[in-house]
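Here is the structure we will look at, set down as structure tokens.
The values are calculated or read from the model by the stated rules, or taken from the named source; none is laboratory data. Model, not experiment: these values are computed from the prediction. Note: ideal-geometry Cβ built from the backbone for every residue, glycine included; neighbour counts use all protein chains shown.
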Amino acid sequence: MANRIEMLKHGIRATIRYEIARSLNLGRGAAFLVLALFPPAITAIICRLPGAPPTMIPIGVTSLVVCVLANLVWSTSAVSGELEGKTWAYLAARPGGRIASMIGKYIVSVGWTALVTLSALTISIAVQALLVPTGDELRLWLIFASCGLIACFAYASIYTLLGTIFHRRAMVAAVVHTGVFELMIGWIPGIIQYATVRGPLVHLAVIGLVDKEVLEDPNFTLVFGEPNVIGHLISVVCLTIVALLASLWLIRTREYATTQEV
Amino acid sequence: MTPTIELRDVTKDYRTHRALDRVSMTIGDGVTGLLGPNGAGKSTMIKVLLGLVATTSGEGKVLGLDIRSQGRAIRGKVGYMPEDDAYIPGMSGVEMVRFTAALNGLPTVEGLRRAHEILDFCGMGQERYRDVDTYSTGMRQKLKFAQAIVHDPDLLILDEPTSGLDPEERVAMLNRVRSLVRSHGKRAVISTHILPDVRQVCDSVVIIAAGKVTLEASMAEVDRPEEPGLYVRTIGPIDAILERLARSTPAKRIDDRLLFLAGDQDGREGEIWQAAAACGAVVEAIYPRRNSLEAVFMNAVRESHHADS
């Protein structure tokens, strides 16, 4: 067992090292820049509008969008990318290849998406601080950065799971899932929101941003429910862990047949 | 000694397609050639042996380990060289081999040392530091081979190891396989379409057609014809030698220099030399009649088609 864990550790470390090495290319750099600069650009445009409307919500929303897009690009392809590149058999034929490869890829994609999300958020808040300073930038950054980090872990595991289930149409499945769950179901108030990442995250952000008196206002709780930080955190952490464990189980047991075998 | 591979009634279905149909075989030591036409089930069999796909029914063992429950242990003892180019773009050759070593559980420094050692064995020089995207087919084959053996496996499963190689590289690759088997006690299964490779390096052969094993034999058995005999190549009065040899054994002339003596000719070489000397001829070569592997292969495949129809 100790030998197996040691083997897995070497495999994960090597996967992380090589995933980082192979992701340091022009294409990914360009994608990084586009995603990281999109929210600051929106923030700058809003700050320049007549009357300078508040930028808090646009910054939060665009940072979350960046997190989702970055995960769509980097997390869904964990298995499908290897199958398309015909490297799956090579990875799977190693004793701990499948698990080590998936965990390594998951960690790297979380790292990349966290980096791009936090960069986008930091630059956006810096832009706001320069153009329309409010004095509340640090608090805003801390709240959105915490939610952004949680979102990176959660979306990465969900998209990794979708990639392992629908490996031939991983990106399509992830986009459909995002549309159905995050955009449609995420708006429905009630317990079904806990099946999404967006629902609990929006609640957590609101709890952090809104004053205590407002949170305790019965009219507010009627719409948003009780300000239950632990409950929302547990729900999103559980979703992340369940999705990740399901991915690991699938990747370990599923047969990914190449086209010539079927 | 534990057989290298033992399969009993192994069947593998992909939805409606039966890739392996009640396959039973036993593979021993040495190098075994796995032959079969395209779509015969060779790749599926390799994946079954590695525990990458589950069998629909039947049972089997690789190096004494159960293919259904000990896939991980099997993969630790087997070095697999896939047919497809399994390289990760953007990495150098030595990094690729080191990565494979890490996936097989070797620590970083040990993995790097081993990667260099194996790349030396595979005849890769400074090109090991180049990006794998820039490699020629021959270099990619060497790289895949290096990845297959970096963890010092007991059994090598090589899928088309000489595909796309020039004659010189082909010989070098086969010599490496032979060296690992003869000098280092490894066992090897080579899946290939190139029959001269099998003739050159294999000790036994398994032919698969339409998901069934149609022939399982040692190379000596494959070579042995139904009707044995000896070919004698001579320089000199061939008819005189023929007449002399035909007194004791059925003999016929093939061409101006070649005779064929039918039947078991064990220990008759001396008599042939004497006959040639008596006739004032010179014996250039004496060699036994043996089956052509191509013919054996074609027959085995044809038989499976007949059985299906």
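A few remarks follow.
- Residue in the stretch B:90-97 that is facing chain A (nearest Cβ under 10 Å), under 14 Å from B:D152 (Cβ atoms) and either in contact (Cβ under 8 Å) with a residue 24 or more places away in the chain or in contact with a Phe, Trp or Tyr (Cβ under 7 Å, 6 or more places away or on another chain) (or both) present: no
- Here is the figure for the stretch B:74-116: residues that are crowded, with 24+ Cβ neighbours inside 10 Å, within 22 Å of B:K47 (Cβ to Cβ) and among the basic types (K, R) total 1.
- Filtered residues of the stretch B:101-116 (kept if within 7 Å of chain A (Cβ to nearest Cβ) and at pLDDT 90 or above): none
- So A:G163, is it touching a Cys at 6+ places or on another chain (Cβ under 7 Å) and surrounded by 18 or more Cβ atoms within 10 Å (Cβ to Cβ): no
- Residue that is nearest to B:N175 (Cα to Cα) [pool: residues in the stretch B:12-36 that are crowded, with 18+ Cβ neighbours inside 10 Å and within 14 Å of chain A (Cβ to nearest Cβ)]: B:G36
Okay, residues lined up against (1) in contact with a helix residue (DSSP H, G or I) (Cβ under 7 Å, 6 or more places away or on another chain); (2) surrounded by fewer than 19 Cβ atoms within 10 Å (Cβ to Cβ); (3) part of a helix (DSSP H, G or I):
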| residue | (1), (2), (3) |
| --- | --- |
| A:L130 | no, yes, yes |
| A:P133 | no, yes, no |
| A:S146 | no, yes, yes |
| A:I150 | yes, no, yes |
| A:Y155 | yes, no, yes |
| A:V172 | no, yes, yes |
| A:Q193 | yes, no, yes |
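- Near pairs, Cβ below 9 angstrom, 6+ apart or cross-chain, from the stretch B:66-83 (within 19 Å of A:I251 (Cα to Cα) and without any contact (Cβ under 8 Å) to a residue 60 or more places away in the chain) to any residue that is of a type in the set (G, A, S) and assigned to a helix (DSSP H, G or I): B:R75/A:A92; B:R75/A:G97
- Of the helices (runs of 4 or more DSSP H) entirely within the stretch A:1-117, those holding at least 3 residues that are within 14 Å of chain B (Cβ to nearest Cβ) and out of contact with any Cys (no Cβ under 8 Å at 6 or more places or on another chain) occupy A:2-23, A:26-48, A:77-84, A:88-92.
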